[in-house]
Structure formats: C-alpha cells, structure tokens
Amino acid sequence: MTKEFKRELITLGICFLVLLVILIIPAHSIVKLFLFLIPYFMTGYPIFEELVENVRKKEFFSENLLMTLATVGAIIIGEYFEAVLILLLYRLGEAFEKFAEDNSRSSITELIDTRPESARVLRGISEVMLPLEEVEIGDVVLVRPGERIPLDSIVLEGASSVDTSAITGESMPYDVVSGDNVIGGTININGVLTLKVTKNKKESTVNKILDFVENSASGKTREEKFITKFSRYYTPAVIAASLLVLLIGIIINPSSWRDACYTAITFLVISCPCALVISVPLAFFAGIGQSAKNGILIKGSRFVDALSRCKTVVFDKTGTLTEGKFKVSHVHSERVSESDLIELVALVQTHSNHPIAQSIKRASEGKLDKKMLERTEELPGLGMIAVISGKIVSAGNLKLMEKLGVKVPENSGYEGTIVHVAMGNTYAGYIVITDSLKENADKDLYKLKLAGVNSNVMLTGDKMSAAARIADMLPALDEYHCELLPQNKAEILKELKENAPESSTVAFVGDGVNDAPVLTIADVGIAMGGIGSDAAIDAADIVIMDDSLEKISYALKISSSTMRVSKENIVLSLTIKFLIMILALFGVGNLGIAVFADVGVLCLAILNSLKILYSKKYQR
C-alpha cells in the first residue's frame with residue numbers, strides 16, 4: 001500500500017467523520033447547509049479543480065462535470081448528506097483505481113529498475129565509488145559477490161555466476177568468464193569480477209528497457225478507441241437524458257418537481273463512466289506487467305491486441321529455432337592446407353560479428369598477421385571480400401561465388417552451412433558450419449498450435465539440405481523457405497500477411513539484430529534473446545529477454561486473456577449501468593445506492609483486471 005493511497009484514505013475518513021458529526025448536530029437548515037459545505041469542499045476540491053482545468057483546455061464533458069452537476073443538484077433540493085456522500089464514494093473509487101493502476105505499473109518498473117546508484121571504479125590501485133552518471137565507457141569497475149553489476153560491461157578478469165532474473169524472468173543463473181558480456185542490474189553471485197564498461201547509464205540496456213516500458217501504453221487497441229469514441233458522445237448524451245428525465249417528470253406532475261430532480265440526479269450519478277474508462281487500460285497494464293515479470297517486454301497495448309489475433313508465426317532459423325552456436329565440422333581445401341584456409345577466412349571476417357564468422361574465428365589459431373589485411377567489404381546476404389597482402393580472397397555462400405564468376409565443384413554432401421572460399425577467380429575450398437536445434441524446440445512449436453496458431457513457418461538463408469534437416473526435426477513446423485536473402489524474407493512475410501485469414505495477424509520471430517528490417521514489417525515483431533541487444537529493443541514490438549521459445553506461447557496466452565478481460569469489463573460495466581439506469585427511471589433506489597453501484601462496478605472491473613497479475617492461472 002503506497003503512502004499516497006494511505007493519505008487519501010485518511011483524508012476521506014476524516015471527511016466522513018466530519019459528515020457524520022454534522023449529520024447528528026441539531027441546527028437550522030441554513031446553518032446545516034453551511035456546515036455541510038465544509039466536508040463538501042474538502043472532498044470535492046480535487047474534482048472541481050480538475051473540472052476547471054478541463055474547461056480551460058476546452059474539454060467540457062467529463063466525469064468531473066457529471067459529479068459536479070449531480071452534487072449541486074442534490075444541494076439545491078436539500079439532499080446535503082447525499083451530495084457529500086456522492087463525492088466521498090467517487091473519491092474512494094478513484095483512490096482504488098489509482099492504487100490498482102500503480103500496482104500494475106510498479107510490477108513492471110520495480111522488476112527491471114534494479115540499477116545500483118554507484119559503481120566501484122578502479123583508478124590505478126585505488127577504488128573510487130562514483131555515481132553511475134559519472135562512470136564512462138572504458139572505465140574499469142570491480143564487482144564483488146552479492147553486488148549488482150552497475151552497467152553493461154565485458155568481463156576482463158574473474159569468473160562467476162550471474163543472476164539475470166530481474167531482466168529475463170528466469171531463476172537459473174548463467175556462468176561468465178573473461179570475454180563475456182554482462183548486463184547492468186544483474187547480480188554477481190559468487191566470484192569477484194573486474195569489468196570494462198561498454199555502455200554509459202543513458203545507453204545501458206536497463207535504461208532502454210525502462211524507456212520501453214514507460215511507453216508501453218502508447219497506441220490504442222480497438223477496444224480503447226471504442227471507449228474514447230464512446231466517452232466523447234456518452235457524457236453530453238447522459239446530461240441531455242438527465243435534463244429530459246427532469247422535464248418529463250415536471251410535466252407529468254409539476255407538484256413533485258423535487259422527485260423529478262432527484263431521479264435526474266440519480267441518473268447522472270449512475271451514468272458516471274469511471275468503471276468503463278479505467279477497466280480497459282487497467283487490463284492492459286496488468287497483462288503487460290505479468291509479461292514483464294516473466295522476461296517478456298511488450299511495447300504497447302496495441303501489440304497485445306495484435307498478438308492475441310496471431311494465426312501465423314514466422315521464425316528466422318539461426319539463433320531462434322537453433323542454438324546459434326556454430327562450430328566448424330569439416331574443411332575441404334583445394335589450394336592451401338586446411339588450417340591455412342581457416343586462417344584466411346578468419347582474417348577475411350575479422351570485422352564481422354555474424355555467428356558463422358565467429359565460429360570460424362574460434363576455430364582458427366590466429367597464425368596470420370592482421371596487418372596483412374588491407375581492405376574488407378561485406379555483401380549482405382552473400383558474404384565478404386577482402387584484400388590480403390595484395391590478393392583478393394572471398395568467403396561466402398554459393399550466390400557469392402556465382403556473382404564473382406567462380407566455378408564451384410560439387411561438395412561431398414556434408415550437412416550444414418557451407419562457406420565457399422575463392423582466391424582471386426579460383427575456387428579454394430569450403431568450410432562446413434553446423435548448428436544444433438534448441439532443446440524442446442518442437443514441443444514449443446506445438447504449444448503455439450495449442451495457443452491457437454494455425455501455421456509455423458521457418459525462413460533461412462541456408463541451402464535446401466540444411467533447411468530440410470532442421471525441418472525434419474520439427475514436425476510442428478508447417479512450411480519452410482530456404483536460400484533467402486534479407487529482402488527475400490521480407491517479400492515472403494508480405495505474402496504471408498496478404499494470405500492470412502481476415503482480422504488475423506502474422507508475427508515474425510528473429511534475433512533482433514540481423515532481422516531488424518523484417519521485424520518492422522511484421523504485424524508483431526518478436527525479438528529473441530533481447531538481453532544486451534540494442535537492435536532488439538529498438539526494432540521489435542515484443543522482446544523475449546532470453547532465448548526461450550516457450551515464452552512465445554506464454555505471451556500468446558497472456559495477450560488472449562488480456563483481450564478477454566478487457567471485453568468482459570466493457571460488457572460488465574455497460575450492462576450493470578444500463579440496468580440500474582432503467583430502475584432509476586422507475587423511481588427504484590436512491591442516490592446512495594446509485595453511488596455504491598457505480599463504485600461496485602468499478603471494483604469488480606479492477607478485480608477482474610488484476611486477476612491477470614496475481615492469479616496462479618497466469619503464472620509461468
């Protein structure tokens with residue numbers, strides 16, 4: 001319970017006690033009016049203040065206007081107690097609304113706002129504690145066991161286990177050694193680490209995630225647009241209907257004008273749309289919050305809506321369906337020794353961060369001097385060309401060889417990704433790179449089918465044999481496309497979107513670095529392994545903060561539940577309100593019951609929304 005919520009409850013409690021004291025004090029009606037005005041203005045001041053501010057902005061119709069008109073009308077007909085009671089219960093409902101909304105928001109921000117305030121920076125042989133704002137890229141920091149890693153860094157010395165649960169939602173720590181990257185806000189468990197800072201506070205992963213979350217309510221779903229449009233016409237229609245009720249009551253029985261006023265005021269109070277206005281966004285806050293608890297960051301409520309209607313999920317193969325941990329499994333050389341061929345290709349790919357290039361560099365022994373490398377050029381989707389000691393060396397796929405006019409002999413049928421090598425215009429050999437399927441990948445694809453997905457599709461730049469090998473291992477995969485350049489992937493995705501069932505969406509799942517263009521084309525772009533990846537956070541609509549395929553089906557489940565709850569809240573709010581309105585028109589009930597009914601509907605909507613956040617049914 002927040003201090004603000006406690007303070008609001010205490011304030012409303014005092015106002016209610018004052019109201020009860022005034023109620024039992026014997027006094028003249030005029031005196032009573034002035035006494036009642038004390039708790040009236042104490043309780044209603046924030047409402048009246050907001051009403052004035054809305055009028056200044058030329059926003060004339062709002063809940064505050066309905067409350068003000070209802071309470072002024074109650075005072076005019078001498079219902080002083082009920083006038084104050086209306087404001088008290090309305091303020092109480094707003095307090096619970098704010099409490100529920102803050103709970104949903106804090107479940108997200110508290111989860112990832114785990115940065116320490118300072119870092120232990122090494123200055124020669126001394127240790128200096130500096131605020132994070134003063135720590136610069138390249139600074140060396142020391143992190144002891146049990147401490148949080150201050151900023152995104154690379155391990156210089158030491159080995160330890162790191163708890164990333166605050167970022168990924170996974171309780172299982174992972175081991176780091178020299179050369180590994182670590183993320184600010186994660187916990188160093190059992191070893192002393194010397195780290196070199198790679199990102200300052202502003203550019204850190206956690207800071208980007210916080211910006212991501214703060215904008216999570218950006219963009220409106222169809223339900224929210226309905227509520228916005230509905231509210232625009234709802235308030236003036238309610239005021240007009242109340243005036244009509246008043247006029248008809250006076251015309252039918254002029255002597256009972258007070259009863260007509262009372263009915264019209266009751267109608268106004270019942271019509272207050274607070275439950276309707278809060279119920280839909282609160283459901284989305286809860287859904288986004290529950291997802292964040294499990295390491296799934298959703299960029300906005302419209303992507304919750306889009307994901308709930310997803311019937312086709314398209315996967316990039318490497319690093320998504322497969323581990324992305326490549327290794328050299330075979331080398332065939334025609335001009336130099338096999339070890340020299342690996343050294344040449346490693347030199348060609350010196351500046352490449354592609355996983356395949358990294359595997360070749362790991363397999364090399366670093367015998368060739370990097371000073372021999374004069375120039376490199378990357379051809380996206382094809383490979384790389386370099387000038388080494390005045391000679392042109394090319395390494396890439398079959399299409400690169402065809403582009404260069406190099407004749408490629410048939411290989412011996414090795415499965416995997418083939419990196420062909422040419423020296424000048426002469427074929428020099430090839431390197432076979434293999435990758436392994438992620439554990440439980442097929443089960444995770446099957447879970448997507450259970451979650452309502454009709455088609456799982458794989459896209460890859462690999463040749464047919466390598467793609468077919470992976471597809472055979474994934475019975476839950478419906479189709480695959482191979483030997484694709486980045487632009488080909490985009491074209492296929494557009495075709496899938498065009499052929500998708502009406503009102504359904506297509507999601508693309510990639511690593512967020514190499515697949516950024518395709519992520520932006522999809523109805524829902526999902527980046528896997530977003531931890532430490534700026535491109536993932538920037539390009540994707542949804543970021544899975546680790547490499548768990550299972551979390552995609554969980555995200556689908558949460559999004560579907562969120563949409564169902566938001567629709568339930570709309571139906572619940574409108575149905576109950578219209579029923580009570582009809583009863584009020586026939587003189588059944590009073591102002592107190594109307595207020596309790598309004599606050600009751602609000603509380604039901606809040607509880608229905610928060611079940612997403614707290615019910616075990618939605619826990620992973």
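Summary of values
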quantity	calculated
P(r) tail fraction, the stretch 372-495 - alpha-carbon pairs more than 26 Å apart, %	34
All-pairs alpha carbon distance profile, the chain, 10 Å steps from 0, percent	3, 14, 19, 19, 16, 11, 8, 5, 3, 1, 0, 0
Relative contact order (%) - criterion: Cα under 8 Å, at least six apart; region: the chain	15
Rounded tilt (10° steps) of 205-214 against the dominant C-alpha axis of the chain	30
Whole-Hz ³J(HN,Hα) from phi, Karplus 6.51 cos²θ - 1.76 cosθ + 1.60, for the stretch 7-14, glycine and proline x	5, 5, 5, 5, 4, 5, x, 4
Cβ crowding within 10 Å averaged over residues, with 319-327, 29-37, 496-504 ranked highest first	319-327, 29-37, 496-504
Within the accessible area of the chain (1.4 Å probe), percent carbon and sulfur	58
Dipole of the chain, positive end: most advanced residue of Ile14, Tyr614, Leu484 [Cβ charges, Cα centre]	Ile14
Cα long-axis angle, helix 257-271 against the chain (0 to 90 degrees, to the nearest 10)	10
Leading residue at positive end of dipole, the chain (Cβ point charges), from Ile154, Ser271, Ile251	Ile251
Per residue accessible area of the chain, 1.4 Å probe, in Å²	46
Student exercise, the chain dipole from Lys, Arg, Asp, Glu Cβ charges, in Debye to nearest 20	1160
Estimated 222 nm signal from helices in the chain, with DSSP H stretches of n ≥ 4 weighted -39500 (n - 2.57), rounded to 500	-17000 deg cm²/dmol
Environment charge at Tyr262 (Cβ cut-off 13 Å; Lys +1, Arg +1, Asp -1, Glu -1)	-2
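The values are calculated or read from the model by the stated rules, or taken from the named source; none is laboratory data. Keep in mind that this is a model prediction, so the values were computed, not measured. With ideal geometry, Cβ positions are generated from the backbone for all residues, glycine too; neighbour counts draw on all protein chains shown. Surface areas here come from the heavy atoms of the whole protein model, side chains and all, with no ligands, DNA or RNA. Shrake-Rupley method; radii C 1.70, N 1.55, O 1.52, S 1.80 Å.
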